[in-house]
Amino acid sequence: MENDPLFKPLRLGALKLKHRVVMPPLTRMRSKQPGNIPYALNAVYYGQRASDGGLLITEATDINPQAHGYNWVPGVYTPEQIEGWKAVTAAVHAKGGMIVNQIWHVGRVSHTSLQPDGILPVAPSAIPATGQIYTSEGQQVPFETPRALELAEIDAIRADFVQAALNARAAGFDAVEIHGANGYLIDQFLHDASNKRTDQYGGPIENRARFLYEVVDAVTAVIGADRVGVRLSPWSNLLGMEDSDGVALWESVIAGLGKRNLAYLHLIEPRADFTDDESPLDMDAPDVASMFKKTFGGPIISAGGFQPSTARAAIASGNSDAVAFGRPFIANPDLPERLRRHAPLNQPVRDTFYGGGAEGYTDYPTLDQVAAE
Ligand SMILES: Cc1cc2nc3c(=O)[nH]c(=O)nc-3n(C[C@H](O)[C@H](O)[C@H](O)COP(=O)(O)O)c2cc1C
C-alpha cells in the first residue's frame, strides 16, 4: 500500500517515521499515587499503541508541582517519575516506535486544592479561566481568580521547562513537545483576553509571544531543535481563550516558530470540539494547516476530527505532513494497522477517558483479538 499517503515515510527533525499516523497527547489521569508517577499500566497502554516507525506523543506532563491542574496527571520532575517513564519509553522502543513527551504548565487552569501549599494558581494576569474545574476532592467549582506571575517566577518556570526536557531525554523520550495549546499557561500568554500585562510579556504580539519563544529557545539550546515540537490551537476558545486579532496573532507566532528549525509544529484544527462527542464538525472554521503551512515552512502534524479519508486528503494536499488521531487512538491500540488494512474502528467510550485503571484504557481489542474471539 505504498500509494497510501498515510504510509509514506516522513522525517520530523531527528525522528524518522515509517508512517504518518500519529497518536496525539491524551490526558488519561492514571498515574500511580502518591507522587503522580507513571507505572506499569501506563507502559502497557503506550506499548499497545506503538508501531514500527510510528510516533506517539504522551499525555500532557507536569514540569513542576505548580504545573498541575488535574488529579493523577503524571509529572517529569522527580526521580521516581523519570524512572517510571523509562518503562514507558522502553515499551514503545521495543516495538520500533518513537515517543515524545508533551510538557506543560496549566497556569490558571488549576485550583488551590491542587497546588503545592494550597496557594492560588498562577497566570500572566489575574483573570480567571471560564467554566469549571474539579478540586482535588472531585467537586466541580468555578475557576478562582489566579495570581499574576512576577518576573522572577516567569524565569523559574522557563528553567523548569528546560529541566523537564532534560529529564524527558534522560527517561528515554525521543523528543519533547511544548504544550502551547488549549488554554494552558503558554496559550494564556499568547491571547490578549488572558494577558493584560504591561511589562515585556504583555501588550503587542511580540511581547505576548515572548514567553513561548523563550521557552522554545531555552529548551532547544539544551536538547537540540530537531528534538523539539510545539503544539498550538489557533482559534480554539477552550477555557476562555480569545483574541482581538487572531489572524495577526497566529501569523506572527507561527512565523516566529518557523525561524527556529523545530522538528515539527502540531496544529489542532478548530473545527472539532474534542470535549464533546456529540457536536458536529464546524466546517466553516478556518483550516489552519492550509493557512499556516507556508508561514511555518517546516513539517506540520494536524489534529482535530480526522477520519481516515480526510487524513489521507490532508496529507495529499501537502498542507499536513502527518495526522494525529486522538479519540480513535484511545479506542484502537492497533490504529495504524487498522488504517493500513482499511479495517473498521472500535468506538471510544467517554466515561472512561479520565481516571481509573485498565478499563477503557488497556482493554480495547486489536483486530487480531477480535478475529480470535
Ligand atoms: C481524553 C482527551 C484528552 C486530551 N488530552 C490532551 C493533552 O493532554 N494535551 C493536548 O495537547 N491535547 C489533548 N487532547 C486533545 C487531543 O490531542 C486532540 O487534539 C483532540 O482530541 C482532537 O483530535 P480527535 O478529534 O482525533 O480526537 C485531549 C483530547 C481528549 C479527547
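Residues being hydrophobic (A, V, I, L, M, F, W, C) and part of a loop (DSSP other than H, G, I, E, B): count how many of those fall in the stretch 255-279. Spell out how you get there, then give the answer.
The initial filter retains those residues of the stretch 255-279 that are hydrophobic (A, V, I, L, M, F, W, C), namely 255, 257, 262-263, 265, 267-268, 272, 274.
After this cut, where a residue has to be part of a loop (DSSP other than H, G, I, E, B) as well, the list is 262-263, 272, 274.
Residues that pass the stated criteria total 4.
Out of the residues in the stretch 5-20 meeting the condition of being assigned to a loop (DSSP other than H, G, I, E, B) and touching a Lys or Arg at 6+ places or on another chain (Cβ under 7 Å), tell me which one is nearest to residue 343 (Cα to Cα). Let's see the steps before the verdict.
So the first thing to find is which residues in the stretch 5-20 are assigned to a loop (DSSP other than H, G, I, E, B), and the list is 8-9, 13-14, 18-20.
Among the residues that remain, those that are also touching a Lys or Arg at 6+ places or on another chain (Cβ under 7 Å) are: 8-9, 13-14, 20.
On the way: 8: 19, 9: 21, 13: 31, 14: 31, 20: 17 Å.
Step by step, filter the stretch 5-20, then rank; the result is 20.
Does residue 319 count as touching a Lys or Arg at 6+ places or on another chain (Cβ under 7 Å) and under 30 Å from residue 72 (Cβ atoms)? Break it down into steps so the answer makes sense when it comes.
Numbers: touching a Lys or Arg at 6+ places or on another chain (Cβ under 7 Å): yes; under 30 Å from residue 72 (Cβ atoms): no.
Taking the combined requirement at face value, the residue does not satisfy it.
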| task | Under 6 Å between Cβ atoms, at least 6 apart or on separate chains: pull out the pairs that start in the stretch 333-349 with a residue that is farther than 19 Å from residue 305 by Cβ and end on any residue that is of a type in the set (S, T, N, Q) and not in a loop (DSSP other than H, G, I, E, B). | result | 333/48
| query | What are the pairs, 6+ residues apart or on separate chains, where a residue within the stretch 196-219 that is closer than 19 Å to residue 128 by Cα and in contact (Cβ under 8 Å) with a residue 12 or more places away in the chain has its Cβ under 8 Å from a residue that is of a type in the set (Asp, Glu) and assigned to a loop (DSSP other than H, G, I, E, B)? | reply | 208/192
| field | Segments classed as strands (runs of 3 or more DSSP E), wholly inside the stretch 73-158, with at least 1 members that are surrounded by fewer than 17 Cβ atoms within 10 Å (Cβ to Cβ) | value | 132-134, 140-142
| If you check 137, 153, 144, 177, which single one turns out to be in contact (Cβ under 8 Å) with a residue 12 or more places away in the chain and in contact with a Leu (Cβ under 7 Å, 6 or more places away or on another chain)? | 144
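So if I check each of 226, 245, which one is acidic (Asp, Glu) and under 23 Å from residue 61 (Cβ atoms)? Spell out how you get there, then give the answer.
Numbers: 245 fails: under 23 Å from residue 61 (Cβ atoms).
Just a single option satisfies the conditions, and that option is 226.
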| query | Which members of the stretch 188-210 meet the condition of being crowded, with 22+ Cβ neighbours inside 10 Å, assigned to a helix (DSSP H, G or I) and not basic (Lys, Arg)? | reply | 188, 189, 190
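Does residue 306 satisfy the condition of being in a loop (DSSP other than H, G, I, E, B), within 12 Å of the ligand (Cβ to nearest atom) and not small (Gly, Ala, Ser)? Spell out the reasoning first.
On the way: in a loop (DSSP other than H, G, I, E, B): yes; within 12 Å of the ligand (Cβ to nearest atom): yes; not small (Gly, Ala, Ser): yes.
Yes: the conditions hold for residue 306.
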| request: Could you tell me which residue of the stretch 255-270 is farthest from the chain's Cα centre (by Cα), considering only residues that are over 20 Å from residue 23 (Cβ atoms) and of a type in the set (D, E, K, R)? | output: 259
| Which members of the stretch 239-254 meet the condition of being of a type outside the set (A, V, I, L, M, F, W, C) and not in a helix (DSSP H, G or I)? | 242, 243, 244, 245
| task | Within the stretch 211-224, count every residue that is surrounded by fewer than 19 Cβ atoms within 10 Å (Cβ to Cβ) and within 16 Å of residue 180 (Cβ to Cβ). | result | 4
| task | Residue by residue through the stretch 323-352, note down the ones that are out of contact with any helix residue (DSSP H, G or I) (no Cβ under 7 Å at 6 or more places or on another chain), within 15 Å of the ligand (Cβ to nearest atom) and assigned to a loop (DSSP other than H, G, I, E, B). | result | 326, 349
| said: Could you check the stretch 234-275 and list, in sequence order, the residues that are near the ligand (Cβ under 10 Å from one of its atoms) and of a type in the set (Asp, Glu)? | reply: 269, 273
| Has the stretch 221-232 got any residue that is within 16 Å of the ligand (Cβ to nearest atom), touching an Asp or Glu at 6+ places or on another chain (Cβ under 9 Å), outside any loop (DSSP other than H, G, I, E, B) and small (Gly, Ala, Ser)? | yes
| field | Residues satisfying the stated conditions in the stretch 160-187, i.e. away from the ligand (no atom under 16 Å from the Cβ), in contact with a helix residue (DSSP H, G or I) (Cβ under 6 Å, 6 or more places away or on another chain) and part of a loop (DSSP other than H, G, I, E, B) | value | 171, 172
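Read the figures in this text as sums done on the coordinates, not as results from a lab. Computed from a prediction, not measured in an experiment: that's the story for all the values here. In this analysis, Cβ positions are derived from the backbone assuming ideal geometry, glycine residues included, and neighbour counts consider all displayed protein chains.
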